[in-house]
Amino acid sequence: MTAWVDSHSHVFMADDPLAAVDRAVREGIAWMLVPGVDLETSVQARTIAAARPDRVGWAAGLHPHDAQRWEEEAGRLSALIVEAWAVGEIGLDYYRNLSPRDDQRRAFRDQVQLASDLGKPVIVHTRDSFADVYEILAEANLGEQAILHCWTGGPRWTKRFRELGATFSFAGPITYTTGDTVRRGAAEAPPERTMVETDTPYLAPEPHRGEPNRSEWTAFNGAMLAEIWGVPGDEVARITTETAERVFGAPRG
Ligand SMILES: [Zn+2]
């Protein structure tokens, strides 16, 4: 069976996270990276990784939706980030604007700076915020350690972030009938700097759109990339796994 790495799974939201990890492994997932979205879920991500060290990596960070809590959580989150594989999920969301944009920019900048100081990758959520995300990542100059999670940019933004040296990660939207822009963007993503993910439990790919997502469905997103790039699925699995292990490190169970 072809093995995939799910570069972004909030598996702590499953009823039984460890059972969900074990099922994904049986169904062809080599390992998954579990990013927190705040202090509490980053601790949960660490606990899951500790229980399945050969199958789970983890990241700690404050999501843009909760950026207004940065002052409050910064101290404890920063301590957790020192132990984590990566900093995330962080970023800017100007679509939902659940935290004020100034707060979002402050929390994002601070966490990017922390990652840069520690030499760790960042996992970046970008929604209706390409220009500001670009500016902050360009200042930090992280190269391939800047991971654009659930990348939905079209060709123009994909080329700009490609020139920045960023890594792209594709989720369910690449499979949607409405995903034409995403697919045209993916055609411009460098295969050696591309990963696949589910963003579980969100964004289930076709033919499961609307259901709670699961890590093993990473394969549907990988299959679509294979179609776009015109290469065999096995080759996409191999190269995206290589990228995940270069950028995040391999599980050390
Ligand atoms: Zn996410």
Q: Tell me, please, whether a residue that is in contact with a Leu (Cβ under 6 Å, 6 or more places away or on another chain), within 16 Å of the ligand (Cβ to nearest atom) and either free of Cβ contacts under 8 Å to residues at least 60 places away in the same chain or under 27 Å from Pro251 (Cβ atoms) (or both) can be found in the range 89-104.
A: yes
Q. Among the residues of the range 203-251, which ones are surrounded by fewer than 21 Cβ atoms within 10 Å (Cβ to Cβ), of a type in the set (Gly, Ala, Ser) and closer than 13 Å to Ala3 by Cα?
A. Ala223, Gly233
Q) Does any residue in the range 4-19 that is more than 16 Å from Gly249 (Cα to Cα) come within less than 7 Å, Cβ to Cβ, of a residue that is modelled with pLDDT of 95 or more and more than 16 Å from the ligand (Cβ to nearest atom) six or more places away or on a different chain, and which pairs are these? A) Val11/Val21; Leu18/Ala51; Leu18/Arg52
Q) Which of the residues belonging to the range 130-160 are within 15 Å of the ligand (Cβ to nearest atom) and either in a loop (DSSP other than H, G, I, E, B) or among the polar types (S, T, N, Q) (or both)? A) Cys150, Trp151, Thr152
Q. Would you pick out the residues in the range 2-56 that are within 27 Å of Asp234 (Cα to Cα) and small (Gly, Ala, Ser)?
A. Ala3, Ser7, Ser9, Ala19, Ala20, Ala24, Gly28, Ala30, Ala49
(Q) I'm trying to understand the selection: among the residues of the range 1-59, which are within 23 Å of Arg69 (Cα to Cα) and charged (D, E, K, R)? (A) Asp38, Glu40, Arg46
Q: Filter the range 22-51 for residues that are in contact (Cβ under 8 Å) with a residue 60 or more places away in the chain, crowded, with 24+ Cβ neighbours inside 10 Å and assigned to a helix (DSSP H, G or I) and give the result.
A: Ala24
Q) Residue check: is Ile81 over 21 Å from Ser129 (Cβ atoms) and touching a helix residue (DSSP H, G or I) at 6+ places or on another chain (Cβ under 7 Å)? A) yes
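The values are calculated or read from the model by the stated rules, or taken from the named source; none is laboratory data. Since the model is a prediction, treat every value here as computed from it, not as a measurement. Using ideal geometry, Cβ is built from the backbone for each residue, glycine included, and neighbour counts are taken over all protein chains shown.
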